[in-house]
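Everything below concerns the one structure shown next.
The values are calculated or read from the model by the stated rules, or taken from the named source; none is laboratory data. On a predicted model such as this, the values are computed, not experimentally measured, just so you know. Counting neighbours? That spans all protein chains shown, and the Cβs are built from the backbone with ideal geometry, glycine included. Each accessible area value is taken on the protein alone, full model and side chains, heavy atoms only, with ligands, DNA and RNA left out. Shrake-Rupley method; radii C 1.70, N 1.55, O 1.52, S 1.80 Å.
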Amino acid sequence: MGIDGRVDPEEGRGCREAEPLERKMAGTPSPKAVSTKVERIAKLAKQMPGAPLTTLAHHIDIDWLREAYERTRKDGAVGVDQVTADEYASKLDENLRSLLDRAKAGDHYHAPPVRRVHIPKGDGSKTRPIGVPTFEDKVLQRAVAMVLEAVYEQDFLDCSYGFRPGRSAHGALQALWNAVMAMGGGWVLEADIESFFDSVDRTKLREVLSQRIRDGVLIRLIGKWMRAGVMEGGVVRHPELGTPQGGVISPLLANIYLHDALDMWFEREVKPRLRGRAMLIRYADDFVVVFEAKADAARVQAVLPKRFEKYGLRLHPEKTRLIEFKRPEDRPPEGGTSPGSFDLLGFTHFWGRSRKGGWVVKRKTAKDRRARTLQRISVWCRQNRHLPIGEQHRRLALKLRGHDAYFGITGNGRALQALRRWVPRIWYKWLRRRSWKSRWNWQRMQQLLELFPLPRARVVHSVYLCSKPAT
């Protein structure tokens with residue numbers, strides 16, 4: 001192959017030589033080239049810890065954007081421009097080249113406002129506002145996030161688990177279990193940051209980013225996304241605080257912000273001053289801190305609000321609490337109350353007996369998560385009761401398997417079984433309301449369940465059996 005990218009007629013007459021070039025001309029991304037660039041950025045960041053990097057945007061080329069396009073969800077809601085992923089893909093090469101030129105040409109790229117929608121929250125009585133960017137904006141945000149991720153993955157600490165490659169909520173649960181069991185229990189600071197994504201101080205975020213990123217193109221794009229505004233009811237508002245609503249890049253910016261505000265502060269300034277052991281577990285803006293000594297826990301609880309105040313953040317006064325979480329046998333007989341429990345990542349953590357009789361930390365589905373799941377299934381059954389029975393069964397089975405894929409952990413079998421008892425009742429309730437002439441009764445429902453059985457509860461993740469429980 002010549003230096004101009006064409007196949008030399010004397011070098012590669014066979015189709016095997018020509019295929020890679022044909023795929024590239026057809027618009028197929030080159031993952032190997034992109035991964036090589038990612039490794040190069042990561043290596044540079046690792047060799048220069050804490051130093052600002054000034055030349056990063058040049059890595060974003062047409063192959064990089066195509067890879068970002070491949071990683072972007074295609075089934076999401078449309079943004080303010082009403083352009084779907086399929087419509088964007090119909091002229092993909094043209095659209096990506098235009099996007100690349102505008103993104104690197106200073107003021108030629110204008111970040112569109114995000115479209116605000118409301119989704120049910122909790123039991124469905126309240127809603128949560130979320131933002132929906134345009135599909136093109138998602139692609140560009142993904143491209144920038146890929147660069148930032150390669151840099152900050154060299155800096156992030158092990159205590160951070162949310163929205164990071166190779167890490168998950170189950171990894172955070174495993175780390176928490178290991179920490180509590182190694183300490184034999186202790187004191188847990190359960191914290192909740194009030195409206196975190198809407199409270200981030202943008203000036204402070206730029207200061208945090210400038211410690212590591214000083215590439216003008218990247219900083220300018222991030223600034224445009226933060227100032228893009230929110231459209232609701234045809235009116236565009238421009239909040240002064242917060243990260244881009246619903247943006248692909250928002251979780252990464254949140255990790256960067258809390259890495260500086262919480263993780264590094266706790267690791268470098270707090271832990272060396274503590275008397276006993278302590279461990280922070282954070283998943284995005286949800287976190288708990290486990291302490292061996294009550295005095296340490298009380299001190300951190302007192303100074304944490306002051307620390308967050310410097311970053312424009314506030315702990316929720318009703319959802320932040322210090323819990324005594326010792327093994328029952330370690331509590332004095334006159335202690336009175338039973339051991340406490342706390343919630344993290346949709347699970348309630350509590351002490352219970354293992355099959356061998358020792359005290360272990362167990363997990364079950366939190367009440368609010370269970371109520372939310374049942375509410376959503378009920379809403380779905382009501383809205384789709386007109387569908388054929390076979391299609392309803394298929395969709396409900398998928399929902400139950402999806403539920404087990406997250407909540408199906410060791411020790412949570414009883415909660416999974418309880419869900420299996422409630423779902424047929426909800427399904428039966430709405431099948432009876434298909435028409436006023438409906439002849440559905442419970443006997444007929446049982447016959448239906450024999451023909452269309454729902455999948456059995458299944459434990460998918462063994463979260464703590466790999467560790468030895470303290471006794």
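Results for (1) exposed (fewer than 14 other Cβ atoms within 10 Å of the Cβ); (2) touching a His at 6+ places or on another chain (Cβ under 8 Å); (3) β-branched (Val, Ile, Thr), shown as yes or no for each residue.
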residue	(1), (2), (3)
VAL270	no, no, yes
MET279	no, no, no
VAL290	no, no, yes
ALA293	no, no, no
LYS306	yes, no, no
TYR311	no, no, no
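Considering each residue of region 397-441, count those that are among the small types (Gly, Ala, Ser) and in a helix (DSSP H, G or I), and give that number. Write out each step before concluding.
Within region 397-441, the first condition is being among the small types (Gly, Ala, Ser), and the residues that meet it are 397, 402, 405, 408, 411, 413, 415, 418, 435, 438.
Those left that are additionally in a helix (DSSP H, G or I): 397, 402, 405, 413, 415, 418.
Qualifying residue count for the region: 6.
Can you run down the residue pairs with Cβ atoms below 7 Å, 6 or more apart or on separate chains, where the first is in region 53-68 and under 12 Å from SER35 (Cα atoms) and the partner is open to solvent by 10 Å² or more (accessible area, probe 1.4 Å) and outside any helix (DSSP H, G or I)?
ASP63/PRO29; ASP63/SER30; GLU67/PRO29
Could you figure out which of (1) farther than 22 Å from ILE219 by Cβ; (2) at pLDDT 95 or above; (3) of a type outside the set (Ser, Thr, Tyr); (4) open to solvent by less than 10 Å² (accessible area, probe 1.4 Å) isn't true of ALA143?
The number of the failed condition is (1).
Name the residue, out of GLU324, GLU334, that is assigned to a helix (DSSP H, G or I), modelled with pLDDT under 95 and open to solvent by 30 Å² or more (accessible area, probe 1.4 Å). Quick ask: steps written out before the conclusion?
On the way: GLU324 fails: assigned to a helix (DSSP H, G or I).
Of GLU324, GLU334, the one residue that is assigned to a helix (DSSP H, G or I), modelled with pLDDT under 95 and open to solvent by 30 Å² or more (accessible area, probe 1.4 Å) is GLU334.
With the structure loaded, tell me whether ASP81 is loosely packed, with under 11 Cβ neighbours inside 10 Å, at pLDDT below 95 and either in contact with a Cys (Cβ under 7 Å, 6 or more places away or on another chain) or in a loop (DSSP other than H, G, I, E, B) (or both) or whether it fails that test. Before the answer, list the steps.
Working: loosely packed, with under 11 Cβ neighbours inside 10 Å: no; at pLDDT below 95: yes; either in contact with a Cys (Cβ under 7 Å, 6 or more places away or on another chain) or in a loop (DSSP other than H, G, I, E, B) (or both): yes.
No: the conditions fail for ASP81.
GLY233 versus (1) within 23 Å of the chain's Cα centre (by Cα); (2) on the phi > 0 side of the Ramachandran plot: which is the lone unmet condition?
(1)
Mind checking which pairs have a first residue in region 392-408 that is over 17 Å from ALA366 (Cα atoms) and a second that is charged (D, E, K, R), Cβ under 9 Å, 6 or more apart or different chains?
Going by the 9 Å Cβ cut-off, the qualifying pairs are GLN392/ARG385; LYS399/ARG376; ARG401/ARG458.
Of LEU396, LEU431, which residue is out of contact with any strand residue (DSSP E or B) (no Cβ under 6 Å at 6 or more places or on another chain), open to solvent by less than 50 Å² (accessible area, probe 1.4 Å) and at pLDDT 95 or above?
Values: LEU431 fails: at pLDDT 95 or above.
After ruling out the rest, the residue left standing is LEU396.
In region 159-182, what residues are open to solvent by 30 Å² or more (accessible area, probe 1.4 Å) and part of a helix (DSSP H, G or I)?
Once the filter is applied, which keeps residues that are open to solvent by 30 Å² or more (accessible area, probe 1.4 Å) and part of a helix (DSSP H, G or I), region 159-182 yields HIS170, GLN174, ASN178, ALA182.
Suppose we keep only residues that are open to solvent by 50 Å² or more (accessible area, probe 1.4 Å) and of a type in the set (Lys, Arg) within region 363-387. Which one would you say is farthest from ARG425 (Cα to Cα)? Spell out the reasoning first.
Applying the first criterion (open to solvent by 50 Å² or more (accessible area, probe 1.4 Å)) to region 363-387 yields 364, 367-370, 372, 375-376, 382-383, 385-386.
Checking the rest, the ones that are also of a type in the set (Lys, Arg) come to 364, 367, 369-370, 372, 376, 382, 385.
On the way: LYS364: 22, LYS367: 19, ARG369: 19, ARG370: 15, ARG372: 16, ARG376: 14, ARG382: 13, ARG385: 14 Å.
Out of the qualifying residues, it is LYS364.
Output the residues belonging to region 209-224 that are outside any loop (DSSP other than H, G, I, E, B) and open to solvent by 10 Å² or more (accessible area, probe 1.4 Å). Explain how you work it out, then say what you get.
Step one: of region 209-224, the residues outside any loop (DSSP other than H, G, I, E, B) are 209-210, 213, 216-224.
Result: SER210, GLY216, VAL217, ILE219, ARG220, LYS224.
Limited to region 252-279, what total is found for residues that are farther than 25 Å from ARG202 by Cα and either β-branched (Val, Ile, Thr) or not in a helix (DSSP H, G or I) (or both)? Working first, answer last.
Our first condition is that a residue be farther than 25 Å from ARG202 by Cα; within region 252-279, this holds for 270-279.
Remaining after also requiring either β-branched (Val, Ile, Thr) or not in a helix (DSSP H, G or I) (or both): 270, 274-279.
The number of residues fulfilling the criteria is 7.
Select from region 186-201 the residues that are crowded, with 18+ Cβ neighbours inside 10 Å and assigned to a helix (DSSP H, G or I) and list them in ascending order.
PHE196, PHE197, listed by residue number.
Table: residues versus (1) of a type outside the set (A, V, I, L, M, F, W, C); (2) assigned to a helix (DSSP H, G or I); (3) free of Cβ contacts under 8 Å to residues at least 12 places away in the same chain.
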residue: ARG282; (1), (2), (3): yes, no, no
residue: PHE287; (1), (2), (3): no, no, no
residue: ASP343; (1), (2), (3): yes, no, no
residue: THR373; (1), (2), (3): yes, yes, no
residue: ARG376; (1), (2), (3): yes, yes, no
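Look through ALA295, ALA278, ALA302 and report the one residue that is in contact with a Phe, Trp or Tyr (Cβ under 7 Å, 6 or more places away or on another chain) and free of Cβ contacts under 8 Å to residues at least 24 places away in the same chain.
Only one candidate qualifies: ALA278.
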